[in-house]
Amino acid sequence: MLSDAKIEGYRVQLVERRAALQDLSASSSAARRPVELDQSRVGRLSRMDAMQDQAMALETARRRERELNRIESALQRVDDGEYGDCLKCGEVIAEKRLNFDPATPVCIACAR
């Protein structure tokens, strides 16, 4: 069982990580905009590079959104008093695992 102080420490980490991801999302919105198809302004290869950059930015945004969802779920478990318990088996998640990823929902045995 995790102490209240440890849980509060994990909450702080989760809130800080959420804020950082939200800042990154806001600052990278320009990279996700549609690519112009006007060949008179941009050459074909440059446009292809821009499209590849856009695709990478969109995938990064999807991953960031998944991470934000994991963080929100972890914060909800903190609020519900269920933080630190594996969602699959109900056992306590090892502190070493929570230190590595405070948003993890499952113990190492269930993750395998």
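Odds and ends about this structure:
- Scanning the range 27-55 for residues that are exposed (fewer than 12 other Cβ atoms within 10 Å of the Cβ) and either assigned to a loop (DSSP other than H, G, I, E, B) or modelled with pLDDT of 70 or more (or both) gives Ser27, Arg33, Pro34, Glu36, Leu37, Asp38, Gln39, Ser40, Arg41, Gly43, Gln52.
- Here is the figure for the range 73-112: residues that are assigned to a helix (DSSP H, G or I), over 15 Å from Tyr10 (Cβ atoms) and in contact with an Asp or Glu (Cβ under 9 Å, 6 or more places away or on another chain) total 2.
- In the range 10-21, the residues that are touching a residue at least 40 places away in the same chain (Cβ under 8 Å) reach residues that are surrounded by fewer than 17 Cβ atoms within 10 Å (Cβ to Cβ) and among the hydrophobic types (A, V, I, L, M, F, W, C) with C-beta atoms within less than 6 angstrom, at least six apart or across chains, in these pairs: Leu21/Leu68.
The values are calculated or read from the model by the stated rules, or taken from the named source; none is laboratory data. All values reported here derive from a predicted model rather than from experimental measurement. Please note: Cβ atoms are built from the backbone with ideal geometry, for glycine as well, and neighbour counts cover all protein chains shown.
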